[in-house]
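Encoded as structure tokens, the structure appears first; notes follow it.
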Amino acid sequence: MKNSVIAGDYAGKGVIYTAGQVLIAVSLLNSVKLNKDTVDSYELITEEHRKSAASGIARGLVGGALLGPVGLLAGGLSAKNKGTYQVAIQFKDGKRSLLEIDDKIYKGLIKALF
């Protein structure tokens with residue numbers, strides 16, 4: 001499940017990026033900020049990129065309509081990459097979590113922890 005804690009403390013909780021902050025949504029009114037004040041260290045465990053099927057189909061159809069078979073192939077090959085990252089977080093209070101997050105949240109997390 002993308003954008004969630006998949007193991008450790010806070011397992012099963014969602015990870016969100018809002019107003020320039022990355023948060024683990026613990027409950028409706030409670031969240032844990034992921035920033036330099038709360039995180040001791042982090043480690044990128046895996047990084048996976050895959051082509052978006054919807055993007056590839058749409059681009060292929062447009063390319064095919066404009067340029068025929070060559071455009072169909074070029075459009076399909078230009079599909080957007082979507083990244084999924086697994087990041088291990090060590091909190092300053094001793095808790096640990098393994099997150100699975102998308103590009104947007106990963107970039108926000110790196111900025112918050114830099």
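Tell me which residues come under 5 Å, amide H to amide H, from S4 once H is placed; ignore anything under 5 positions away on its chain.
V15, E100
How far apart, in nm, are the 7 Å Cα→Cβ label points at K2 and A88?
About 2.4 nm separates the two model spin labels.
Please turn the phi angles of region 100-107 into ³J(HN,Hα) values with the Karplus equation 6.51 cos²θ - 1.76 cosθ + 1.60 (θ = phi - 60°), one per residue in order, whole Hz, x for glycine and proline.
So the J values, rounded to whole Hz, are 10, 9, 8, 4, 4, 5, 4, 5.
Just list whichever of K13/K95; K13/K33; K2/K92; K13/K36; K2/K36 have alpha carbons separated by over 19 Å in the model shown.
Where the Cα-Cα span goes over 19 Å, the pairs concerned are K2/K92; K13/K36; K2/K36.
The numbers here are math on the coordinates, done by the rules we state, and not lab data. The shown structure was predicted, so the numbers you read here are calculated from the model rather than taken from an experiment. As a convention, Cβ positions derive from the backbone with ideal geometry for all residues, glycine included, and neighbour counts pool all protein chains shown.
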